[in-house]
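Asker: Here's a structure for you.
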Amino acid sequence: MPNANTIEKRLQIAAALIILGLLVEAVCLVWARPLAFLIFVGIGMLLMFAGIVFYLISLVAPGAGRSQ
Amino acid sequence: MRFAFPGFQFGLSPMTLPTILLILFIAFSAILIGLFVSRPGATVTRGGKITAFLLLFFLPILCATMGLSSELERSKSTAFCLSCHTMELFGRSLYVDDPGHLAAAHFQNHRVPPDNACYTCHSDYAMFGTFKTKLRGLQHVYVYYLTKPPAPENIKLYTPFNNRECLHCHAGARSFEEGAVHNADPDLLPAVKANKISCISSGCHEVVHNVAQLNQVKFWNGAH
């Protein structure tokens, strides 16, 4: 059963993925090349999507509500 | 990278204020998320849980939507299309000093918005037109990076140019509907409107970009 530390760890992983995705998006917006558009969609949005999904999974993971 | 043309430069324009604000917003969001999750026990309280949802779900989606919208808008710009080396001559062809050159005449006389010139003519004015155009853009990227791109003079459209793209603006226009040449043959206009005779077919508006012969033409210096 996950404890509070496990939940926090999951949130931190989700946040790290989202922050990485946001940074990729910011760099792509500055870079402004056709390749940047692809990186924005292919890597930036994928990282953010993974982070959001990881966060949502951590919410419904067994024991998440109780431990918090 | 900037491509110099006579009296004018096509380059990726400096960042606009909305883009700068968006980048700052994204950076601020990243910092906020980082600070929140670095606090031990941040999600213990009810307020913490709501904040976590806003920061880890709502905010990233908001940033991604705004960023994608900005990127899509930028991908329609003339500078974006011409930022590939292969397109350099096509950009140059927009400055040919000859009204018989279709693309140049449209660009120089602002019959198409100069900032979105490529996209205006080369997008489908049909359902999911923008989506199809972006898919073709991905095909361009594939050809450019993963195969040997053809020489500019050998570049062909994937499919024949559809009159629908011309008629989107010209249909109903007096100069088009009542043009002497267009009405010389009563069957011509219906055939053009039905896409049975191409607007750019031989003998009509056949000279479009003509990049193979750009070394034989004069160039306009651009508006000052």
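The values are calculated or read from the model by the stated rules, or taken from the named source; none is laboratory data. Since the model is a prediction, treat every value here as computed from it, not as a measurement. Cβ: placed from backbone, ideal geometry, glycine included. Neighbour counts: every protein chain shown. What goes into the accessible areas is simple: the full protein's heavy atoms, side chains included, and nothing from ligands, DNA or RNA. Shrake-Rupley method; radii C 1.70, N 1.55, O 1.52, S 1.80 Å.
Asker: Am I reading the B/A interface right? What is its buried accessible area, both sides, 1.4 Å probe, to the nearest 100 Å²? Kindly include the intermediate steps, with their values, before the conclusion.
Answerer: Numbers: alone 14820 and 4890 Å², together 16790 Å².
What B and A bury together is about 2900 Å².
Asker: Residues of B:73-86, mean number of Cβ from any other protein chain within 10 Å of their own Cβ, rounded to a whole number? Please list the in-between numbers first.
Answerer: On the way: counts 0, 6, 4, 0, 1, 0, 1, 5, 1, 0, 4, 3, 0, 0.
Whole-number average of other-chain Cβ neighbours for B:73-86 is 2.
Asker: Still on this model: Under the rule of at least 5 residues apart or a separate chain, name every residue whose amide H is placed under 5 Å from the amide H of B:PHE219.
Answerer: Close amide H contacts, sequence-distant or interchain: B:ASP97.
Asker: Please list, in order, the residues from segment B:69-87 whose amide nitrogen is less than 20 Å from a point placed 7 Å along the Cα→Cβ vector of B:ASN215.
Answerer: Within reach of a label on B:ASN215: B:85-87.
Asker: Averaged over B:158-170, how many beta carbons belonging to a partner chain fall within 10 Å of each residue's beta carbon? Show your work: numbers first, answer last.
Answerer: Working: counts 0, 0, 0, 0, 0, 0, 0, 0, 0, 0, 0, 0, 0.
Averaged over the peptide's residues, the number is 0.
Asker: Ignoring everything but the protein chains, give the 1.4 Å probe accessible area of B:LYS156 in square angstrom, nearest 10.
Answerer: It works out to around 150 Å².
Asker: Another question about this same structure. Quick one: which of B:LYS134/B:LYS156; B:LYS76/B:LYS134; B:LYS76/B:LYS218; B:LYS156/B:LYS193 span more than 19 angstrom between C-alpha atoms? Can you show the working numbers first?
Answerer: Numbers: B:LYS134/B:LYS156 17 Å; B:LYS76/B:LYS134 9 Å; B:LYS76/B:LYS218 28 Å; B:LYS156/B:LYS193 23 Å.
From B:LYS134/B:LYS156; B:LYS76/B:LYS134; B:LYS76/B:LYS218; B:LYS156/B:LYS193, over 19 Å: B:LYS76/B:LYS218; B:LYS156/B:LYS193.
Asker: Further question on the same structure: Can you give the convex hull volume of the alpha carbon atoms of segment A:9-60 per residue, in Å³?
Answerer: On the way: hull volume 2.2 nm³, N = 52.
Considering the Cα atoms of segment A:9-60, their hull volume per residue is 42 Å³.
Asker: Here is a further query. Counting only protein heavy atoms and using a 1.4 Å probe, what share of the accessible area of the protein assembly as shown belongs to carbon plus sulfur, as a whole percent?
Answerer: Working: 11130 of 16790 Å².
C and S atoms contribute 66 percent here.
Asker: Peptide A:10-17: average number of partner chain Cβ atoms within 10 Å per residue? Write out the running numbers ahead of the final one.
Answerer: Values: counts 0, 8, 4, 1, 6, 11, 3, 2.
Average neighbour count from other chains, rounded to a whole number: 4.
Asker: I've got another one for you. Mind giving me the nanometre distance, one decimal, between the label points for B:ILE200 and B:GLU177, set 7 Å out from Cα along Cα→Cβ?
Answerer: Here the answer is 2.6 nm between the modelled labels.
Asker: Rounded to the nearest 0.05, what FRET efficiency is calculated for B:LEU135 and A:ASN5 with R0 set to 35 Å and r the Cβ-Cβ distance?
Answerer: Details: r = 46 Å, r/R0 = 1.31.
In this case the efficiency is close to 0.15.
Asker: How large is the accessible surface per residue of segment A:9-60, computed with a 1.4 Å probe and reported in Å² as a whole number? Don't skip to the answer; put the middle values down first.
Answerer: Values: 2390 Å² over 52 residues.
With all protein chains present, segment A:9-60 gives 46 Å² per residue.
Asker: Further question: Report ³J(HN,Hα) in whole Hz for each residue of segment B:195-209, in order, from the Karplus equation J = 6.51 cos²θ - 1.76 cosθ + 1.60 where θ = phi - 60°; Gly and Pro get x.
Answerer: For segment B:195-209, the Karplus curve yields 6, 8, 10, 6, 4, 9, 6, 4, x, 9, 9, 6, 8, 9, 9 Hz.
Asker: Right, here's the next one. Probe radius 1.4 Å, ligands and nucleic acids left out: which of A:TRP31, B:TRP220 has the largest accessible area, and how do the rest follow? If you can, show how the numbers build up before the last one.
Answerer: Values: A:TRP31 110, B:TRP220 80 Å².
Highest to lowest solvent-accessible surface, that is A:TRP31, B:TRP220.
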